[in-house]
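**Q** Let me give you the structure first, and then I'll get to my questions.
The values are calculated or read from the model by the stated rules, or taken from the named source; none is laboratory data. From a predicted model like this one, the values you see are computed outputs, not experimental measurements. Neighbour counts run over all protein chains shown; Cβ positions are idealised from the backbone, glycine included. Each accessible area value is taken on the protein alone, full model and side chains, heavy atoms only, with ligands, DNA and RNA left out. Shrake-Rupley method; radii C 1.70, N 1.55, O 1.52, S 1.80 Å.
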Amino acid sequence: MTLIDGRPLAAAIREQTATEVGQLIAAGVLPTLVAVVPSADPATEWYLGSIARAAGQIGITMREARLQDGGSPGLVELIEELSGGPAHGIICLTPLPDGLTFAEVAAHIPARLDVDGANPLSLGRLAAGLPAFAPATAQAVIELLRHEQVALSGAEVVVVGRSTVVGKPLALLLLAENATVTVCHSRTRDLAAVTRRADVLVAAAGQAHLIGAEHVKEGAVVIDVGTNATDDGGLLGDVDTVAVEQVAAAVTPVPGGVGPVTTAVLLRNVLSAARSAGGAPGG
Ligand code: NAP
């Protein structure tokens, strides 16, 4: 059984991105990402820190825009203001203020700045096979599978989870790779019977250790997107790796699998957005 370490791939993406960011900076463009932070939250701060560290290594400028408690501007107004500023990419973190859905908020991030594929229009373009940024996590799963030379064309791929940020866009990306895709969710009858069909199984349910050995076909590749915080400050995936490694050919660990690749892909998207802006910040 192979443990698929995402860190070398993430490092390679960061290195290539850093080289190209250096060229843009030499040409007078400072690729810039703005992270909108609606509320204080430990998980959000941790994620912000990891993006900021990677951005710093690559040479991408990262700014935070924090929503003032109950103040003005509101979240949507803040995003609209930032859209006219010097950013090449905008991401909006969660949790959101009560009464707002992520789709409602993300709909205000213009496509050219939507480096995490959060705007529903980006998902629609992805579905239609038109150019768009895919959510970085979904793209990271594809990059990991490519890097491991896992054949996707014609393969049976089962995705557990149908969220608009992970499961659905990932299913679209897998279809574009000519995989035969099944998407499971909380109403799926006999989850194990479906997941055991998979040559490639992707767990993105947000349920610690949901996937055990009984869910996995002998020789399958298992990608664990789940990040579930434990009471003692640890992190568990959706896959019980110790059990699954008895049957799978390869599994990604948590942490150290999909997560680092996601951050690297996000920052590479900022580079693409800065390049597409033709050197005009926010252009
Ligand atoms: P989400 O919005 O809560 O969606 C979870 C999905 O899983 C839903 O479609 C849900 O079904 C399904 N599900 C839940 N319990 C299930 C069960 N027992 N059996 C089958 N399906 C089940 O979560 P998300 O935002 O997609 O995130 C999923 C996980 O990925 C979380 O752990 C999150 O922290 C992690 N994540 C990781 C990264 C990374 O870079 N590594 C990035 C983003 C998210 P219903 O639709 O029927 O409710």
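**Q** Please give the charge dipole size of segment 145-205, origin at the Cα centre, charges +1 on K and R Cβ atoms and -1 on D and E Cβ atoms. Round to the nearest 20 debye.
**A** Details: 7 positive and 5 negative charges, 56 e Å.
That gives segment 145-205 a dipole magnitude of about 260 debye.
**Q** What angle do you read, to the nearest 10 degrees and between 0 and 90, between the alpha-carbon axis of helix 7-26 and the longest principal axis of the chain?
**A** 20
**Q** What is the Cα centroid distance between segment 34-65 and segment 172-246, reported in whole angstrom?
**A** 28
**Q** Distances over 26 Å make up what percent of all Cα-Cα pairs in segment 1-154? Numbers along the way, then the final one.
**A** Values: 3943 of 11781 pairs.
Cα-Cα pairs in segment 1-154 separated by more than 26 Å: 33 percent.
**Q** Let me know the charge dipole size of segment 1-155 about its Cα centre in debye, to the nearest 20, where only the beta-carbon of Lys, Arg (+1) and Asp, Glu (-1) is charged. Write down the numbers at each step before the final one.
**A** On the way: 8 positive and 16 negative charges, 92 e Å.
I would put it at about 440 debye.
**Q** Then there is this: Of Gly84, Tyr47, Gly59, which is farthest towards the positive pole of segment 38-93's charge dipole, taken about the Cα centre with +1 and -1 on the beta-carbons of Lys, Arg and Asp, Glu respectively?
**A** Farthest towards the positive end: Gly59.
**Q** Decide, for segment 99-178, between rounded, prolate and oblate: order the square roots of the alpha carbon gyration tensor eigenvalues as a ≥ b ≥ c, take rounded if a/c falls under 1.5, and otherwise choose prolate if a/b is larger than b/c, else oblate. Spell out each step's value before the answer.
**A** Working: a/c = 2.24, a/b = 1.88, b/c = 1.19.
Prolate shape, in that a/c is at least 1.5 and a/b is the bigger ratio.
**Q** Starting from the Cα gyration tensor of segment 62-218, take the square roots of the eigenvalues, sort them a ≥ b ≥ c, and report rounded, prolate or oblate (rounded when a/c is under 1.5, otherwise prolate if a/b is larger than b/c, else oblate).
**A** prolate
**Q** OK, next. Residues with beta-carbon under 14 Å from that of Ala171, excluding Ala171: net charge, scoring Lys, Arg +1 and Asp, Glu -1?
**A** Numbers: positive: Arg162, Lys168; negative: Glu156, Glu177.
Value of the local net charge: 0.
**Q** Also: Once a ≥ b ≥ c are taken as the square roots of the eigenvalues of the Cα gyration tensor of the chain, is the result rounded (a/c under 1.5), prolate (a/b larger than b/c) or oblate (a/b not larger than b/c)? Each step should come with its number before you reach the end.
**A** Details: a/c = 1.78, a/b = 1.55, b/c = 1.15.
The shape class here is prolate.
**Q** Against the longest alpha carbon principal axis of the chain, how many degrees, from 0 to 90 and to the nearest 10, is the axis of helix 136-147 turned?
**A** The angle comes out at about 50 degrees.
**Q** Another question, then. Taking θ as phi - 60°, what are the ³J(HN,Hα) couplings along segment 89-101 by the Karplus curve (6.51, -1.76, 1.60), each to the nearest whole Hz, with x for Gly and Pro?
**A** 3J(HN,Hα) across segment 89-101, in whole Hz: x, 10, 10, 10, 8, 10, x, 8, x, 3, x, 10, 9.
**Q** Right, something else. May I ask for the percentage of alpha-carbon pairs in segment 205-283 that lie more than 14 Å from each other? Could you put the intermediate results ahead of the total?
**A** Numbers: 2059 of 3081 pairs.
The answer is 67 percent, as a whole percent.
**Q** So, in nm, how far is label Glu80 from label Ala127 when the simple model puts each one 7 Å beyond its Cα toward the Cβ?
**A** Computed distance between label sites Glu80 and Ala127 equals 2.6 nm.
**Q** Using per-residue counts of other Cβ atoms within 10 Å, averaged over each peptide, order 137-144, 15-22, 252-259, 235-242 from highest down. Don't skip to the answer; put the middle values down first.
**A** Values: 137-144: 25.4, 15-22: 16.6, 252-259: 22.9, 235-242: 21.0.
Sorting 137-144, 15-22, 252-259, 235-242 by mean packing, highest first, produces 137-144, 252-259, 235-242, 15-22.
**Q** Which whole number in µm²/s is D for segment 77-119 by Stokes-Einstein, with the Kirkwood Rh taken over Cα pairs at 10 °C and 1.306 mPa s?
**A** Working: Rh = 10.6 Å.
Approximately 150 µm²/s, per Stokes-Einstein.
**Q** Can you pull the percent of the chain's accessible area that's carbon plus sulfur, 1.4 Å probe, other chains left in place?
**A** Working: 6750 of 12810 Å².
Heavy-atom surface of the chain belonging to carbon and sulfur, 1.4 Å probe: 53 percent.
**Q** If contacts are Cα pairs under 8 angstrom and at least 6 residues apart, what is the relative contact order of the chain in percent?
**A** On the way: 578 pairs, mean separation 66.2, N = 283.
Once divided by the residue count of the chain, the mean separation gives 23 percent.
**Q** If packing is taken as the average number of other Cβ atoms within 10 Å across a peptide's residues, how do 2-9, 127-134 rank, most packed first? Could the numbers behind the result be given before it?
**A** Numbers: 2-9: 16.8, 127-134: 14.9.
Descending mean neighbour count gives 2-9, 127-134.
**Q** Further question: Charges only on Cβ, +1 for Lys and Arg, -1 for Asp and Glu: so what's the dipole of segment 60-129 about the Cα centre, in debye to the nearest 20? Don't skip to the end; give the middle numbers.
**A** Numbers: 4 positive and 9 negative charges, 60 e Å.
Dipole of segment 60-129, to the nearest 20 debye: 280 debye.
**Q** Further question on the same structure: Please work out the average accessible area per residue across segment 31-130, using the 1.4 Å probe convention, and give it in Å².
**A** Working: 4690 Å² over 100 residues.
Accessible surface, normalised per residue, equals 47 Å².
**Q** Relative to the longest principal axis of the C-alpha atoms of the chain, give the angle of the C-alpha long axis of helix 42-58, reported between 0 and 90° and rounded to the nearest 10°.
**A** Tilt of helix 42-58: around 70 degrees.
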